1. If packing is taken as the average count of other Cβ atoms within 10 Å, what order do 452-463, 625-636 fall into, highest mean first?
2. Could you pull out every residue, at least 5 positions away or on a different chain, whose amide H is within less than 5 Å of the one on GLU357? Hs are placed 1.01 Å off N in the peptide plane, and Pro or chain starts have none.
3. At 7 Å along Cα-to-Cβ for each site, give me the label-to-label distance between ARG604 and ASN60 in nm.
4. For the range 516-649, report the accessible area per residue in Å² (1.4 Å probe, heavy atoms, rounded to an integer).
5. So what is the orientation-averaged projected area of the range 542-660, using the convex hull of its C-alpha atoms, in nm²?
6. Only helical DSSP H runs with n ≥ 4 go in: add -39500 (n - 2.57) per run for the chain, normalise by residue count and round the 222 nm mean residue ellipticity to 500 deg cm²/dmol.
7. Nearest 0.05, what FRET efficiency do VAL718 and VAL535 give at R0 = 60 Å with Cβ-Cβ as r?
8. For the range 638-665 and the range 129-153, compute the distance between their C-alpha centroids and round to whole Å.
Amino acid sequence: MAERSFKKEVQALRLGDGDEFRGEGILAVTKALLQSGVSYVAGYQGAPISHLMDVLTDANDILQELGVRFEHSASEATATATLAASVNTPLRGAVTFKSTVGTNVASDALANLASGGVTGGAMLIVGEDYGEGSSIMQERSHAFAMKSQVWLLDPRPNLPKIVEMVEQGFELSEASNTPVMLELRIRACHVHGSFRTKANRRAEYTLKDAIESPRRDTGRIVLPPSSYLHEQEKITKRWPAAVKFIREHGMNEVFDGDARDVGIILQGGMYNGVVRALEVLGLADAFGNSRIPLYVLNVTYPLVDEEVVSFCAGKRAVLLVEEGQPDFIEQALNTVLRRADVQTRLHGKDVLPMAGEYTGGVLTAGVARFVERVAPELLAGRPLPRAARSVALPAASAAAASTAPVVARIDAASIPRPPRKAPAEVPANVAATVATAVHPRPPSFCTGCPERPIFTAMKLLERELGKHHVSCDIGCNLFSILPPFEIGATTMGYGLGWAGAAALNTQETSKRTISVMGDGGFWHNGLTSGVGNAVFNKTDNVLLVIDNGYSAATGGQDVLSSKAENAIRSTNNPIERAVRGVGVEWVRTVTNTYSIEQMRDALREALTTPTKGPKVVIAQSECMLNKQRREKPKQRAAIAAGTRVVRERFGIDPDTCTGDHSCIRLSGCPSLTVKDNPDPLRTDPIATVVDSCVGCGLCGEVSHAAVLCPSFYRAGIVHNPDAGDRRRDRWRRRIIGWLQSRIERRLAGLSA
């Protein structure tokens with residue numbers, strides 16, 4: 001069960017010629033794929049393109065009508081290898097996954113695909129997860145495009161342009177026999193807008209044709225001597241063909257302005273942010289009409305030298321807006337300009353940060369710094385916004401910096417110029433921001449998460465057996481490295497939890513390491529890279545597989561071991577059967593992770609058993625987010641229908657709580673917090689449970705397993721009570737009232 005359903009929205013994918021599509025970027029990309037006549041789509045979910053996989057899943061009926069094969073791939077490498085169908089045949093295909101971690105996994109298949117080249121259009125749609133909202137290492141897809149020489153598209157975040165780039169991307173791939181990478185940033189994925197649709201196309205050359213009439217060309221397989229020729233072909237044939245197509249079809253854009261002696265070159269994905277920054281500075285209007293000319297690189301690799309020279313010639317200075325590092329494009333532009341003997345001064349990372357996300361505030365400050373240096377008259381008499389005031393240069397420095405050589409202007413008519421007055425679709429969150437002091441809020445497990453008690457059990461076991469080296473994995477389980485658990489020493493990649501501890505094996509000690517892996521990582525990579533490797537090398541360490549029923553960290557998609565029935569995928573394949581199948585003999589499965597004692601005992605046995613060889617503990621409980629997504633609608637419907645419903649939640653008796661807070665330190669549940677002590681003689685705040693509690697019972701389990709305190713209680717909130725509930729409530733009130741009156745009489749006697 002994915003975190004969001006697109007069952008209603010995908011009906012817009014049936015729109016025909018001339019209809020108007022309204023929606024967000026992810027749906028527009030899917031519509032563009034269908035309009036382009038794809039034969040197959042595959043991928044692996046991950047931010048920011050998880051929803052693209054969800055849309056394709058919900059649109060499976062539409063895909064089947066068009067003869068399109070859609071797969072949830074086991075990994076990004078699997079997805080990329082799927083594009084092999086386009087090597088020898090004119091099949092068009094697309095795959096999608098998160099970058100750069102996904103591109104790392106896919107790089108072997110990508111290198112082979114790019115070396116031999118393709119016949120049909122092959123597109124990789126990568127989610128560029130860069131910036132402050134990312135959960136991964138800060139790298140860019142650009143390096144992979146350069147390494148393997150695949151063409152990198154970075155469309156302007158505008159639905160008509162995104163759709164156009166998808167369609168032209170397939171044509172570019174076919175014209176140059178090269179895979180194309182379409183880079184979608186978070187804002188591009190979720191920008192809303194409209195465009196005129198075309199009818200969906202069923203491929204003329206089908207999967208059936210490819211299967212029944214197989215084709216082969218040994219020149220496309222990466223073996224010597226063909227592999228040597230592939231490199232030459234990239235440079236002598238594919239690159240020139242790509243550059244010619246990009247120029248002739250106007251994939252890059254120029255927006256004119258009246259300040260013709262300066263300009264801005266920018267990645268297409270940066271367009272909305274740059275236009276917003278110019279608007280804040282009074283140098284553009286709300287429709288995107290800029291006083292400073294803009295050269296928008298919807299194709300960031302390869303660059304078109306003639307377009308760059310044409311735009312820069314005759315200008316005193318140009319600003320390059322390139323988010324992230326290294327500054328690949330800036331280095332390339334300097335080379336292009338120097339080779340052409342164009343002396344236009346190029347600014348980039350000297351006025352913009354070398355690293356980090358280019359938010360609205362960052363862009364406003366950087367553009368202001370550039371304009372103050374090279375054309376201060378454009379800002380004369382205009383107060384700068386707060387985000388830019390601290391970066392303004394003294395007038396003397398600005399005047400000195402603006403004296404750059406001027407050369408003869410080259411006609412730029414060959415570069416396509418979109419019509420003016422085209423509204424810019426500006427995301428709301430690109431407005432200039434001001435730094436404020438915000439309390440750090442590290443990511444943590446959700447309320448009621450079944451993984452939290454697992455690490456509580458590990459902390460309790462740590463008191464008993466001492467510390468163990470813990471090798472972590474990618475996924476929700478990685479939150480255990482942060483307070484309150486502070487467990488885990490390393491993480492090497494998705495499904496590489498056990499591999500990360502592979503070197504820590506020796507007969508000189510009986511102490512064992514613990515490796516952690518989620519079910520998503522297990523099926524992605526861990527079964528072979530972790531479990532198979534451990535069996536083959538006779539490791540004596542412990543693997544803890546957290547089976548919460550879904551690929552939870554990417555949005556709750558099903559995996560092979562999911563318990564839910566899936567109409568188009570095979571589920572209910574137990575992890576225990578898989579690990580035994582590759583040779584693990586010592587396996588324990590805990591079916592209720594909320595039982596701290598069961599978890600602790602299973603881990604203790606794994607760490608202390610005299611049995612040698614790899615040991616696997618499988619901890620099973622359903623992801624609470626997915627459970628709530630399923631149960632809450634049912635519960636609301638039952639309450640509305642008048643059915644008796646009991647909702648459990650936990651609380652803390654304020655008179656019993658001592659303010660020790662061990663429950664918080666061992667649980668960390670967001671529903672556990674503190675409040676003022678009601679006892680005037682005690683100053684320490686006491687623990688309390690807020691309304692977000694989902695009744696998982698962990699806090700009570702922690703108290704019992706850790707022998708903490710008896711202050712926790714469980715309560716049942718009854719909706720639509722029946723006659724029995726009302727009778728019990730009346731008796732309880734009478735008994736409690738009688739007991740309370742006795743206490744009050746006794747207190748009254750004492751006070752007398």
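The values are calculated or read from the model by the stated rules, or taken from the named source; none is laboratory data. Worth saying up front: this structure is predicted, and the values here are computed from it rather than measured. Every residue, glycine as well, gets a Cβ built from its backbone with ideal geometry; the counts of neighbours run over all protein chains shown. All accessible areas refer to the heavy atoms of the entire protein, side chains included, with ligands and DNA or RNA removed. Shrake-Rupley method; radii C 1.70, N 1.55, O 1.52, S 1.80 Å.
1. Details: 452-463: 22.5, 625-636: 14.9.
Most protected by this proxy first, the peptides run 452-463, 625-636.
2. GLU132
3. 4.5 nm
4. Working: 5960 Å² over 134 residues.
In whole numbers, the range 516-649 has 45 Å² accessible per residue.
5. Numbers: hull surface 48.4 nm².
Here the figure is 12.1 nm², rounded to one decimal.
6. On the way: 25 runs with 257 residues, N = 752.
So the helix-based figure for the chain works out to -10000 deg cm²/dmol.
7. Numbers: r = 52 Å, r/R0 = 0.86.
Computed FRET efficiency for VAL718 and VAL535 comes out at 0.70.
8. Cα centroid to Cα centroid, the span is 46 Å.
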